[in-house]
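Shown next, in C-alpha cells, is the structure this report addresses.
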Amino acid sequence: MSESTDTQELASLTTSLRRHLQRRERVGIRFLPKGDLPRETTTVSSDANLMAGTEGNLFSDSSAVYEAKTLEELRAAIGDCRRCKLWSGRTHLVFGVGNPKAKLMFVGEGPGRDEDLQGEPFVGRAGQLLTDIITKGMGLRREDVYIANVVKCRPPENRNPEPDEVASCEPFLKKQIDLVKPAIIVALGKFAVQTLLQSKVPITRLRGQWHSYHGIKLMPTLHPAYLLRNPADKKLVWDDIKKVMKELSGESA
Ligand code: SF4
C-alpha cells in the first residue's frame, strides 16, 4: 500500500472517530461503556436522586432530554433517535407505557418483533405472561404500572444489546425512572438486571433478593420469555413477585 493511501486511510479513520465521539458527546456520553467491566456490588449508589451528578456528564446542561419534566417531554426530546446503530432496523421506537406516577416499574431488555411492530413493550407472548403476572398474580391493571426496556429499539434477531448501544440508550431509561419515581423496580431477566445493577453476577444468584438502584428497591427476577421456555421456573418468579407485593402493600399502608 502506498504512503498516500495509508495517509488517506488514517485521515478517514480519524474523521470517523471524531464524528463518533462528537455524536456521543451530543447526547452527553463522555465515558466508555462499563458493560465490560466486572463489578461485584449489587448496590448502585444510595443517592435518592438518581440524576444527581449526571448533569454535564450524561447530558449537557442544555439537553432537552436532561431538562424534560414529563415523560411526554422526554419522548419528544428523544425524537427520531439515531444515537446508536439499532435505529436502522426498527419499525417503531418503543419508549415505554403505563402510569407515569406508578409505584411499580418493570424493566426489560429491549423490544422483540411484536413490540417493534406495535411500538409498545411486552405485547408478544412473553408480554402476555407479564400481563398475567400483573393482573392475575398481583391483582393490578397493566395501566397501574410502568413498563420500559433498557434499549428502545429492537436488536436484530433479538440478540443482546451491545455495550455501545446500552451506553447510548440507558440515559433515557435513567431519566424515565427519575420522572416516574417508582418505589420498586422489577428487573426482568439477566440483561436488565446486570445492566441496572452494573453487575456480572449471574441472575440465579441475584434474583429473589432486594437490591438498590440509586435508593430505589430493585427486585431481580427471571424474564417472561425465559419462563415460556422453562415453565417449571414460574414458581421462582412467583416467589419473587410475592416479595414485591408484600413490599408494595407496605408502601401503600
Ligand atoms: S436504541 Fe436507544 S439510543 Fe439506540 S437508536 Fe434506539 S432510542 Fe436511540
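The values are calculated or read from the model by the stated rules, or taken from the named source; none is laboratory data. Note that this is a predicted model, so its numbers are computed, not measured. Backbone-built Cβ (ideal geometry, glycine too); neighbour counts: all protein chains shown. For the accessible areas, the whole protein counts, side chains as well, though only heavy atoms, and no ligand, DNA or RNA atoms are used. Shrake-Rupley method; radii C 1.70, N 1.55, O 1.52, S 1.80 Å.
Computing the accessible area with a 1.4 Å probe over protein heavy atoms, can you report the carbon and sulfur percentage for segment 117-253? Summing carbon and sulfur atoms, their accessible area is 52 percent of the total for segment 117-253. Residue ranking by accessible heavy-atom surface, 1.4 Å probe, largest first, among 70, 221, 91 comes out as 91, 70, 221. Between residue 200 and residue 162, the C-beta separation translates, for a Förster distance of 22 Å, into a calculated FRET efficiency of about 0.90. Over 19 Å apart at the Cα level, from the set 175/217; 217/246; 136/243; 174/234; 136/242, are 174/234.
Between the alpha-carbon centres of segment 204-219 and segment 135-162 there is a gap of 18 Å. The length gained on full extension between residue 245 and residue 233, counted as 0.36 nm times the residue separation minus their Cα-Cα distance, comes to 2.4 nm.
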